[in-house]
Amino acid sequence: MTMKKIALIFSLLLAFSCGDDNDDIVLPEDVLNIDFSEGITFGRASKICPGADCVSVFKLTDEGVFKSDNNNSIPADGLWTFFECPFLASSTQASIADEVRNIARGIRDIPTTEINDPELFPMGDFYILEYTTPAGRKTIQYQSTGNFADKRVIAYLNFIIERSTFLEELGENPPATCM
């Protein structure tokens with residue numbers, strides 16, 4: 001009888017200690033929900049911009065890192081288009097963007113927004129993060145991470161800002177022909 005009680009107590013302790021939601025890791029079922037053939041779109045955009053280079057957006061897919069060819073404005077339909085060829089797998093761009101797929105789990109709890117919503121960031125630069133799951137496309141827009149409470153979400157969104165800035169500062173286009 002005492003062995004059963006010890007086993008029950010041990011099981012309850014184990015269940016309660018493992019019962020917390022580990023927001024610091026992405027569970028396999030979370031990653032599998034992201035459609036990596038569509039990829040994760042991230043970068044900097046501006047709704048009002050006087051000239052070229054208003055948009056610096058990238059997409060990480062299973063095929064590589066693609067650069068958006070919408071560099072002058074946000075597309076009217078809200079759907080980004082990209083150069084046909086990705087950066088070479090051995091390139092700096094590919095290594096800079098590779099960790100973008102490690103999305104913090106708390107991201108899934110942030111409500112989606114419309115990229116062309118005139119009330120969100122009507123002037124100035126902002127950052128975007130977009131991905132597709134079976135539930136549909138999710139778009140997150142932000143200017144800074146100060147409005148978010150979860151430290152892991154803040155760290156990830158700051159990482160997106162950092163990676164977007166690195167890729168933008170390289171100022172390179174992908175190869176004209178795919179290999």
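Remarks
- In segment 119-147, the qualifying residues are those that are hydroxyl-bearing (S, T, Y) and in contact (Cβ under 8 Å) with a residue 24 or more places away in the chain, and the one that is surrounded by the fewest Cβ atoms within 10 Å (Cβ to Cβ) is T133.
- Only listed residue being touching a Leu at 6+ places or on another chain (Cβ under 7 Å), of a type in the set (K, R) and surrounded by 15 or more Cβ atoms within 10 Å (Cβ to Cβ), chosen from R101, R108: R101
- Candidate set: segment 160-178, residues that are among the hydrophobic types (A, V, I, L, M, F, W, C) and under 23 Å from C85 (Cα atoms); chosen: the one surrounded by the fewest Cβ atoms within 10 Å (Cβ to Cβ): A176
- Filter pass, R44 being closer than 27 Å to G171 by Cα, modelled with pLDDT of 75 or more and basic (K, R): yes
- Residue within segment 148-159 that is without any contact (Cβ under 8 Å) to a residue 40 or more places away in the chain, under 17 Å from G78 (Cα atoms) and surrounded by 12 or more Cβ atoms within 10 Å (Cβ to Cβ) present: no
- Number of residues in segment 125-140 that are in contact with a strand residue (DSSP E or B) (Cβ under 8 Å, 6 or more places away or on another chain) and farther than 24 Å from N173 by Cα equals 5.
The values are calculated or read from the model by the stated rules, or taken from the named source; none is laboratory data. All values derive from a computational prediction rather than experimental measurement. Counting neighbours? That spans all protein chains shown, and the Cβs are built from the backbone with ideal geometry, glycine included.
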